[in-house]
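Have a look at the structure below before the remarks.
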Amino acid sequence: LHALVTACAGYHHTAGPGDQPTHPVAYLVRAVLVKTLYSWSLRECADQINHHLVVKWFVGYPVFASGPDYTTLARFEQWVSAHHGRAFFDEEFDVHRRGSPFAHRPGRFGPPAAVRGSPTSK
């Protein structure tokens, strides 16, 4: 994900004097990745980051920290689309999805049983 974080390093607030974002760009990139992989809406993604510890951990937030709200995620996605186009993110996500043992399984986090070792497998 380092290439995506580096490409998005120029992200800043568009309102006001263009201050640095409240949430680190690396966290926002991971949040959009999780959103895309699980086909969540912006609201679902924000809710999962704030209430599901595994998602919060993956995105990078400490246990008791507040994650972004859905409008922050929407602004970041709009910025990426305006500056890099959706094709940039879609291509990177496809590369990670194809090369990852963590196949998309709705409502499940973590590797499939075959990867983590099923108790019934020998």
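Applied to segment 44-60, the Karplus parametrisation 6.51 cos²θ - 1.76 cosθ + 1.60 on θ = phi - 60° returns per-residue 3J(HN,Hα) values of 4, 4, 4, 5, 4, 4, 7, 10, 10, 4, 5, 5, 4, 5, 4, 5, x Hz, with x for Gly and Pro. Counting every other Cβ atom within 10 Å of each residue's Cβ, 44, 77 order from fewest to most as 44, 77.
Any read-out appearing in this document is the output of simple, stated calculations on the displayed coordinates, not a laboratory observation. Note that this is a predicted model, so its numbers are computed, not measured. Positions of Cβ are generated from backbone atoms using ideal geometry, with glycine treated the same way; all protein chains shown enter the neighbour counts.
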